[in-house]
Amino acid sequence: MQYNLSFYSLLITQLSTNLAFSFYTMALTYYVYNLTNSVFYSSLITFISVGSKILSGLSISIITERIKVKSLLTFNTIFQILSIILLLIFIKNSANLIIIYALIMFLSFVNGIFTPLKSRILKENLDKENMAKGLSIITSLDQILLFSGWILGAWIISMIGNNNLLVLSLVLLSLAFIAVINIKIENKKEEINSKNPIRTIMSSFSLLNRKPLIRNLIVIECLEVLIGSIWIGSVTLKFVQEHLGQDVTWWGYINANYYLGTIFGAFVVMKYSKLFNHQPIKKIVIFMMLYGILLILYSVNVIDIIALFLVLLVGPVLQIKDIIQETFIINNIDEKDMIKITGLKNSLVQVSFLFSILIVGYITDHIEIQYIYTISGIITCIIAVIFSKFSKIKKLHI
């Protein structure tokens, strides 16, 4: 299939925006840590970033009722560019940390708006048959850049300093702005449900509740995220050291293999997109079960080489399942409801992630590390079985 200019412009926007996000997050974390010598103050950047994305997801329906979609897409990129410029100025003049945190909050808020807009753009520019393939192209390239971005970011900081990493983020966002101009999307405001912002947000919940299968797919994603922080750095490091008995080098190997697996998974969907378009719910359940089984095997294994192999398998299984799931959601939501539902979905997922870090972090301190993966695998299998029965009862009622 030949993709149109809007798709390629969206691709450039996604890649450059996400790479810029990883770059300026690294730069600011490094700056705050050097300034305060505090893990707490530097980790606040991640907390503020996630919290701001939750707010943007919840308020997207309010915003799109007042600002035209294409205009919002353009302003979104401009605001990020201006925020980076202000950060450069304030950092150069050793501004108070509160100002830095406020700009991070604003940056993350406007960055979080892009994801629901992306779903709307894909809905308008790709048909159902090519949605999975288009998503896999974006996902695979995005994963490659994010994977290399953290390595490049650390290297750039060590070579030329964190301020120049912010400058590079500014260049990437400028590229995103040029690409945004070429994106074709209907430029109109969303239909106003209520002048009361709270009622507008609640209407998104009501809309989601009328789509039981979509609702439950989102619930599943939230549950997966809730038990999914087993893959964050501190947990995998402890697993490598205490369970596998290896040093920090193997921590890097595990992370690298996971990302390589996700990239491979995206390419598999790209190659066999028609296959994955057939009976998507059944395939989501199958890949969830596979993921749960792999987690259980990973938790009981003590051989490092086998652990690498299992993680390499986890990557594509998760990635394929996620692409099938996102494709199904986008294909089965009306354009007029796309921004509201995907914005709400992103907020719920981010809330789950925050709780996940707290829950998994607490449990990890009280039980042996391998059991975290065992519990996660068992819960995943249970969720898959319950969802399978639910989808059969509902007969794919969306």
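If you take the square roots of the eigenvalues of the alpha-carbon gyration tensor of the range 5-188 and sort them as a ≥ b ≥ c, do you get rounded (a/c under 1.5), prolate (a/b over b/c) or oblate?
Since a/c reaches 1.5 and a/b is larger than b/c, the shape of the range 5-188 is classed as prolate.
Kindly state, to the nearest 0.05, the FRET efficiency for residue 92 paired with residue 67, given R0 = 35 Å and r defined as their beta-carbon distance.
With a Förster radius of 35 Å, E is 0.60.
Tally Lys and Arg at +1 and Asp and Glu at -1 over the other residues with C-beta under 12 Å from the C-beta of residue 290: what net charge comes out?
+2
Can you tell me the length gained on complete extension of the stretch residue 274 to residue 305, counting 0.36 nm per residue apart and subtracting the Cα distance?
7.8 nm
Once the Cα gyration tensor of the chain is found, what semi-axes does its equivalent ellipsoid get, as square roots of 5 times the eigenvalues, in whole Å, sorted largest first?
Largest first, the chain gives 30, 29, 20 Å.
So for the chain, averaging the separation of alpha carbon pairs under 8 Å that are six or more residues apart and normalising by length, what relative contact order in percent results?
It rounds to 28 percent for the chain.
Quick check: pseudo-label points 7 Å beyond the Cα along Cα→Cβ at residue 366 and residue 385, how many nm apart are they?
Taking the two extended label points, one gets 2.5 nm.
How large is log10 of I(q)/I(0) for the range 203-393 at q = 0.09, 0.15 Å⁻¹ when the intensity is taken from the Debye formula with one equal scatterer per alpha-carbon?
So the normalised log intensities are -0.35, -0.94.
Could you give the size of the charge dipole of the chain about its Cα centre, using +1 on the Cβ of each K and R and -1 on the Cβ of each D and E, expressed in debye and rounded to the nearest 20?
Working: 31 positive and 20 negative charges, 301 e Å.
In debye, rounded to 20, the chain gives about 1440.
Could you list 268, 171 in order of exposure, starting from the residue whose Cβ has the fewest other Cβ atoms within 10 Å?
Result, fewest neighbours first: 171, 268.
Past the 23 Å Cα-Cα mark, which pairs from 238/345; 68/274; 271/345; 128/345?
238/345; 68/274; 271/345
Tell me the label-point distance for the pair residue 85, residue 178, using the 7 Å Cα-to-Cβ offset, in nm and rounded to one decimal.
1.8
As a footprinting exposure proxy, order 365, 304 by other Cβ within 10 Å, with the fewest listed first. Mind dumping the intermediate values first?
Values: 365 9, 304 16.
Ordered by Cβ neighbours within 10 Å, fewest first: 365, 304.
Just to be sure I understand the rule: take each whole DSSP H helix in the chain, project its Cα atoms onto its long axis, keep it if the span is 24 Å or more and its mean Kyte-Doolittle hydropathy is at least -0.5. Which ones pass?
TM-like helix candidates: 5-36, 39-64, 69-92, 97-125, 128-160, 162-181, 248-271, 280-300, 304-331, 335-364, 369-394.
Build a GNM of the chain with springs between Cα atoms under 10 Å: which of 279, 80, 14 gets the top mean-square fluctuation?
279
Mind sorting 231, 155 by how few other Cβ atoms lie within 10 Å of their own Cβ, fewest first?
Going from least to most buried by this count: 155, 231.
At 7 Å along Cα-to-Cβ for each site, give me the label-to-label distance between residue 33 and residue 99 in nm.
Distance between the two pseudo-spin positions: 2.5 nm.
Before anything else, pin down the relative contact order of the range 5-188: Cα pairs under 8 Å, at least 6 apart, normalised by residue count, whole percent.
Rounded, it is 51 percent for the range 5-188.
I need the GluC sites (Glu not before Pro) found in the range 305-392, filtered to DSSP loop residues with at most 16 other beta carbons within 10 Å of theirs.
Within the range 305-392, the qualifying GluC sites (Glu not before Pro) (loop, at most 16 other Cβ atoms within 10 Å) are 368.
Coordinate-derived values only; no laboratory data. As the structure is a prediction and not an experimental result, all values here were calculated from the model. Reconstructed Cβ throughout: ideal geometry from the backbone, glycine too, with neighbour counts over all protein chains shown.
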